[in-house]
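What follows is a short report on a single structure.
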Amino acid sequence: MAASVLARAAMAITSASALVLESGATGTHGASSKSSLEVAAEANAGSTGLGAGKGDLPRTVLTVFEQDGCGSNLTGYLITGNGLMWSDAKPGTARDLADCRARCDAARSCVGFTTRLPRHGKMQCNTYKGLVKKAAARAKSYAKCARGLRCLERGGFRGFHFSHEGTWKDGQKVENAKSISVCASFCHQDSSCVGFTFRHDRHAVNECFHFLNAANKEGPRRDMRATTYSRCDIVEDKAGSATPAKKPALPLNVLMINTSVHISCSGGYIISSKGWWWAEYDQVSQVADAQACMKKCESFQMCVSFVYRPMESNAECYLYKGLTPTVDTASVAYTRCSPDKRCPASSIAPSGWEFSHYGTWDGGSPLSDVTIKGCGMICMSDPRCAAVSWKRDGEVCRTFQFKAEASATPTPIAGAEGYSKCAVLDDEPQLRNPGSTSVQ
């Protein structure tokens, strides 16, 4: 039986070249609108990508609303400088735009990059280092807002948005700013100041710290072959939004579809999301169409899902690694129940778990002499744990940690489509003596 199940699973996965995409998914052209920042740029600064006055490159991740254009030209980024670049960029080269953004994404401190197309040779990829967060007691930090975008002001400090509890590295103490309003005002007047921290020490003495960037004070230089992008996060516009859509979870393993569920997996993939993207990808590239993106997932080790997003002249392809299943009729495997599902407890599993397949996954942390419900409870106590498997012989529990937190935090992105590998297996097993596995 195990051999036949494994054969069906392998056939479903390896036959992915027969993937049939929904209408419109195979095209390479998608809608791309200008952001409010770019519109303001054209009106105020000769299409530079900045508002009036000197160009300030954001040195933290921009927090913006969806209508501000985050992702309109590149998923997870916003154009902040058309024909502009700053002097503190770290130089490099890249194959294309996707390769350049991957370099920035891989660097913890990178908040943006400039691509430049020379007359000859490779694309130039220049990255910018931003502020690095640092823990600090009794401290609150605020970042200067970008011109041309709505500012998520909080605390009454015009031109600043609240960043986080704590501070950043390498701040300069401002001795004559004893109130938070004065601290903010001094930073606002200084073109090199990109943010401030205000705190009070154990003796209730107020302290103000400014975070300066010399390249921002100097201002950008014009280069019509250059385009600068800044990282951005989209926040929900609660004032004007209807009931928020349910956020899908990123598939962390090959989806095992039970025979009793009438869902087609004939092509080895199933569409798993529409209009969502996850920043914690494992590989990104530019592709011609969705079929090309699927083939990249097939050739990428441990890839279990991909997000395809068509743009104006090409398409983005994001690949995500996951758990690789193995089939074993003596074991049962469960994944954490999705937030939008109700997974009631059964005789062999605690609530909060969804049956995946007979078997387990590669790797995992084994524990012996653990009941199946105890196995689920152990995993539930660890927010990083995404799945469990349990084998009756020796009562072996395996827990699996894999992007559990990242899978629950997608970003809404127009035009994005997610696909997950799938395989068809038999229904959930019924253990012969379920009472022996229950926790008394």
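Among the residues of segment 125-138, are any out of contact with any helix residue (DSSP H, G or I) (no Cβ under 6 Å at 6 or more places or on another chain), farther than 24 Å from HIS210 by Cα and not in a loop (DSSP other than H, G, I, E, B)?
Yes: one or more hits.
Looking at segment 95-109, which of its residues are hydrophobic (A, V, I, L, M, F, W, C), under 16 Å from ASN73 (Cα atoms) and part of a loop (DSSP other than H, G, I, E, B)?
Of everything in segment 95-109, nothing turns out to be hydrophobic (A, V, I, L, M, F, W, C), under 16 Å from ASN73 (Cα atoms) and part of a loop (DSSP other than H, G, I, E, B).
Which of the residues spanning segment 262-288 are touching a Pro at 6+ places or on another chain (Cβ under 8 Å) and either surrounded by fewer than 18 Cβ atoms within 10 Å (Cβ to Cβ) or of a type in the set (Lys, Arg) (or both)?
GLY275 - this is the single residue of segment 262-288 that is touching a Pro at 6+ places or on another chain (Cβ under 8 Å) and either surrounded by fewer than 18 Cβ atoms within 10 Å (Cβ to Cβ) or of a type in the set (Lys, Arg) (or both).
Being under 21 Å from CYS100 (Cβ atoms) and β-branched (Val, Ile, Thr) is the filter; apply it to segment 30-63 and report the residue that is modelled with the lowest pLDDT.
Only one residue tops the list, namely THR48.
Report whether or not PRO58 is buried (at least 21 other Cβ atoms within 10 Å of the Cβ), out of contact with any Leu (no Cβ under 6 Å at 6 or more places or on another chain) and not charged (D, E, K, R).
yes
If we keep just the residues of segment 162-183 that are in a strand (DSSP E or B) and over 11 Å from ALA143 (Cα atoms), which is farthest from the chain's Cα centre (by Cα)?
VAL174
Scan PHE113, PHE160 and give me the residue that is closer than 21 Å to ALA214 by Cβ, at pLDDT 95 or above and either surrounded by fewer than 19 Cβ atoms within 10 Å (Cβ to Cβ) or not charged (D, E, K, R) (or both).
Selected residue: PHE113, the only one of PHE113, PHE160 that is closer than 21 Å to ALA214 by Cβ, at pLDDT 95 or above and either surrounded by fewer than 19 Cβ atoms within 10 Å (Cβ to Cβ) or not charged (D, E, K, R) (or both).
Of the numbered conditions (1) modelled with pLDDT of 90 or more; (2) within 19 Å of LYS129 (Cβ to Cβ), GLN189 fails exactly one; give the number of that condition.
Of the numbered conditions (1) modelled with pLDDT of 90 or more; (2) within 19 Å of LYS129 (Cβ to Cβ), the odd one out for GLN189 is (2).
With the requirement that a residue be assigned to a strand (DSSP E or B) and at pLDDT below 85, what does segment 65-84 give you?
Residue satisfying the conditions is PHE65 alone.
Can you name the number of the only condition in (1) at pLDDT below 90; (2) farther than 28 Å from TYR320 by Cα that SER368 fails?
Of the numbered conditions (1) at pLDDT below 90; (2) farther than 28 Å from TYR320 by Cα, the odd one out for SER368 is (1).
Please find, within segment 368-394, the residue that is surrounded by the fewest Cβ atoms within 10 Å (Cβ to Cβ) out of those that are in a strand (DSSP E or B) and of a type outside the set (D, E, K, R).
So the residue we want is CYS385.
Every residue in segment 327-357 that is over 27 Å from LYS274 (Cα atoms), part of a strand (DSSP E or B) and modelled with pLDDT under 85, please.
Selection gives VAL327 alone.
The values are calculated or read from the model by the stated rules, or taken from the named source; none is laboratory data. Keep in mind that what you see is a predicted model, and the values were worked out from it rather than measured. When we count neighbours, we look across all protein chains shown, and the Cβ atoms used for this are built from the backbone with ideal geometry, even at glycine.
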